[in-house]
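The values are calculated or read from the model by the stated rules, or taken from the named source; none is laboratory data. Remember, predicted model here, so these are calculated numbers, not experimental data. FYI the Cβ positions are ideal-geometry reconstructions off the backbone, even for glycines, and counts take in every protein chain you see.
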Amino acid sequence: MAVKVLDSWALIAFFEDEPAADQVEKLLVKAESGAHQLLLSVVNWGEIYYTTMREVSQDAAERQALEISGLPIKVVGVETGNLDFTRQAAIYKATNKLSYADAFAAALAKISNGELVTGDHEFKQLEGEFKIDWLK
């Protein structure tokens, strides 16, 4: 099954009904039907939460967190016994101009052999490391 990794940019665009929202909605529908698996790093989940809390309120962040839990998205954590995910994120952070959360989205795409779904041009520097589905 194909794997697609959402970064926070993609889900924020979806929740804020930005132009890329329709593309993200199509990915969610296809994931629901089993066409592909959608992954989200727990660090990117946290980025969505704090962004919503900062810009709107903690109640809005809680509602959005509940909504994410009902979507066909697997939130991927960082397990103590397997540090490959965190190591790859640290490598991306150390060698590129990326936010720490973006480094986790990139690392998840790399270790899962997935395609990163984003509209964040900060990832341009990583083209060739993994596939990128550019949202518009």
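Structure data summary
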read-out	value
So VAL42, is it surrounded by fewer than 17 Cβ atoms within 10 Å (Cβ to Cβ) and over 22 Å from LYS110 (Cβ atoms)	no
Qualifying residue in segment 11-20 (condition: touching a Gly at 6+ places or on another chain (Cβ under 6 Å) and in contact (Cβ under 8 Å) with a residue 24 or more places away in the chain)	yes
GLY81 out of contact with any Leu (no Cβ under 7 Å at 6 or more places or on another chain), farther than 17 Å from LYS131 by Cβ and touching a residue at least 24 places away in the same chain (Cβ under 8 Å)	no
Any chance LYS97 is of a type in the set (Lys, Arg) and either at pLDDT below 95 or within 13 Å of the chain's Cα centre (by Cα) (or both)	no
From the options ALA94, ALA101, ALA107, residue that is more than 25 Å from MET1 (Cβ to Cβ), buried (at least 19 other Cβ atoms within 10 Å of the Cβ) and small (Gly, Ala, Ser)	ALA101
Filter result (over 18 Å from ALA60 (Cα atoms) and assigned to a loop (DSSP other than H, G, I, E, B)) within segment 4-46	ASP7, PRO19, ALA20, SER33, GLY34, ALA35
Scope segment 56-83; condition part of a loop (DSSP other than H, G, I, E, B), out of contact with any Ser or Thr (no Cβ under 7 Å at 6 or more places or on another chain) and within 17 Å of SER8 (Cβ to Cβ); matching residues	VAL56, LEU71, GLY77
Candidate set: segment 1-16, residues that are among the charged types (D, E, K, R) and closer than 13 Å to THR51 by Cβ; chosen: the one surrounded by the fewest Cβ atoms within 10 Å (Cβ to Cβ)	GLU16
Test result for GLU129, surrounded by 16 or more Cβ atoms within 10 Å (Cβ to Cβ), among the charged types (D, E, K, R) and touching a Phe, Trp or Tyr at 6+ places or on another chain (Cβ under 9 Å)	yes
